[in-house]
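**Student:** Pasting a structure below so you can have a look.
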């Protein structure tokens, strides 16, 4: 049970957690914080938060649970602003899509890693953003990965886990470094490929015709290129090393394919496509279709 | 109105056209041809064709419309087999996903391009294949591109157009070379990227975990990697020049992105992602969602 939840950054991610916890009866009071009063007023009107502050230092006062759900690029500033205003029993967590960079930001802002700090990543989202797009069911049966630091206290870890479970999520745990590698492969690389593909086609001379003849498969394939550009810029910068490693691995594999096409090596192409189809079909059986995304 | 339709290759594509034309009352008799009697018997049982021949030379006798819907790699052999057995008024068309190679195959098998030959490409399909997956609505409101040759007769072009319109399709026309470039961009390149991505991840050490944490966006993005590997090998070989050109264009664009990540050039990343999102959102508005694919 949370006495006072403070959500810094009341958008799709923070707003949906607030809705879910309220619906589950898991917290008494929800305070929102952010830079835009209009946006926060909208969140109050929608019943997502009870009240708001535009100064994060004031917002966190008396809160026993603080979720930082801003873009990755804003987290260091938030940590620095709230550092001297946290309650003694405050647990601090975040919802960033990369974890190493959040830990670095906390380390530098706090001058060390507080025992109440438990980095986390809910693997959920849609192409839409903003509090108006938030809904209580976003996290139901979705995975949340906790990446505790060496100094995270067992009590703080347990409280963050309980919070996400109350929102319906399946909570797992791994190191921040491993998280960043896994997500670079399954989320960051595919998003980068989709963005580059769409941008590349949009620069072609007959782009109007190109998009006109694009069918359903293309639409699904490029849907993630509608995601928030600022968020994805931040992810690419925040998880640069792992993202670069995956891009370069992919470049190498695509060059091999290119050579097989150039050499008319049908056997090699078939072998590669067969392995991909087998892996995809196997993976698909294990995880049923689902409208959500990241 | 078709007197006798001969479908060579009764799978998803040929079977769905047969079903659609029967449902529209657009043909009297449908003869199937293929290599597997069991498969053709199934097509008869499903009511997709009236009867079948395993010898294409016999199958085309007396047919006034012939659709070759085999994999691209089999078309040259089919053309050679039927060459001396076509009725005088026979119109010959195909459903191949690349067009230059089909025209070359016809040229070499016929020793010239017959006036009754009208190459075409229905832009429709699903990841599933085989006659059991066929359905009459596959082509409804989907595009079919005719790529007539210099010698295609206006009458033959009109009859192929009328046939696809009877199946509910929107028929357009362009040169084979232009078709092959447009499709390399909108269909062949995305399929190649999806195959390479899934195969690349499947080779990673922690592939089980990788796929476990892959969420909805990844599933949509890689759905086309479940498509028929033989068909996609054939497409890559048949449209090799255009596919290679697109792969190499993409490789260059991805290298630029990689350099931007390496240089922490957030401005450049944001600019690129914004252009992609704008193009994707604009394109999405123009073409509503649709369950079909190619």
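**Student:** Can you name the number of the only condition in (1) within 17 Å of residue B:212 (Cα to Cα); (2) assigned by TED's automatic domain parsing to the domain that holds residue A:114 that residue A:186 fails?
**Tutor:** (2)
**Student:** Any idea which residue in the range B:241-288 is modelled with the lowest pLDDT, counting only those that are farther than 19 Å from residue A:244 by Cβ and not in a helix (DSSP H, G or I)?
**Tutor:** The extreme case among them is B:288.
**Student:** Please pick out the residue among B:32, B:112, B:15 that is assigned to a loop (DSSP other than H, G, I, E, B) and within 23 Å of residue B:159 (Cα to Cα). Break it down stepwise before answering.
**Tutor:** On the way: B:32 fails: assigned to a loop (DSSP other than H, G, I, E, B); B:15 fails: assigned to a loop (DSSP other than H, G, I, E, B).
The conditions single out B:112.
**Student:** Quickly run through the range B:221-256 and pick out the residues that are crowded, with 23+ Cβ neighbours inside 10 Å, under 30 Å from residue A:143 (Cβ atoms) and facing another protein chain (nearest Cβ under 7 Å).
**Tutor:** Within the range B:221-256, B:221, B:222, B:224, B:225 qualify.
**Student:** Something else: For residues in the range A:102-117 being farther than 19 Å from residue A:235 by Cα and touching a strand residue (DSSP E or B) at 6+ places or on another chain (Cβ under 8 Å), which is surrounded by the fewest Cβ atoms within 10 Å (Cβ to Cβ)?
**Tutor:** Here the answer is A:110.
**Student:** Just give me the residues in the range B:136-159 being crowded, with 18+ Cβ neighbours inside 10 Å, modelled with pLDDT of 95 or more and within 16 Å of the chain's Cα centre (by Cα), in sequence order.
**Tutor:** B:138, B:139, B:144, B:145, B:146, B:147
**Student:** Related question: I need a count of the residues in the range B:194-218 that are facing chain A (nearest Cβ under 7 Å), part of a helix (DSSP H, G or I) and either surrounded by fewer than 22 Cβ atoms within 10 Å (Cβ to Cβ) or touching a helix residue (DSSP H, G or I) at 6+ places or on another chain (Cβ under 6 Å) (or both).
**Tutor:** Looking only at that region, the number is 14.
**Student:** When residue A:16 is evaluated against the numbered criteria (1) in contact (Cβ under 8 Å) with a residue 60 or more places away in the chain; (2) surrounded by fewer than 24 Cβ atoms within 10 Å (Cβ to Cβ); (3) farther than 21 Å from residue A:101 by Cβ, which criterion, by number, is the only one it fails?
**Tutor:** Unmet condition: (2).
**Student:** Within the range B:34-55, is there a residue that is buried (at least 24 other Cβ atoms within 10 Å of the Cβ) and closer than 22 Å to residue B:114 by Cβ?
**Tutor:** No; the residues of the range B:34-55 include none that is buried (at least 24 other Cβ atoms within 10 Å of the Cβ) and closer than 22 Å to residue B:114 by Cβ.
**Student:** Condition test on residue B:185, is it touching a helix residue (DSSP H, G or I) at 6+ places or on another chain (Cβ under 6 Å), over 29 Å from residue B:24 (Cα atoms) and either more than 7 Å from chain A (Cβ to nearest Cβ) or in a helix (DSSP H, G or I) (or both)? Let's see the steps before the verdict.
**Tutor:** Numbers: touching a helix residue (DSSP H, G or I) at 6+ places or on another chain (Cβ under 6 Å): yes; over 29 Å from residue B:24 (Cα atoms): yes; either more than 7 Å from chain A (Cβ to nearest Cβ) or in a helix (DSSP H, G or I) (or both): yes.
Yes; evaluated as a whole, the condition is true for this residue.
The values are calculated or read from the model by the stated rules, or taken from the named source; none is laboratory data. No experiment lies behind these values; they were computed from the predicted model shown. No Cβ is skipped: glycine too gets one built from the backbone with ideal geometry, and neighbour counts run over all protein chains shown.
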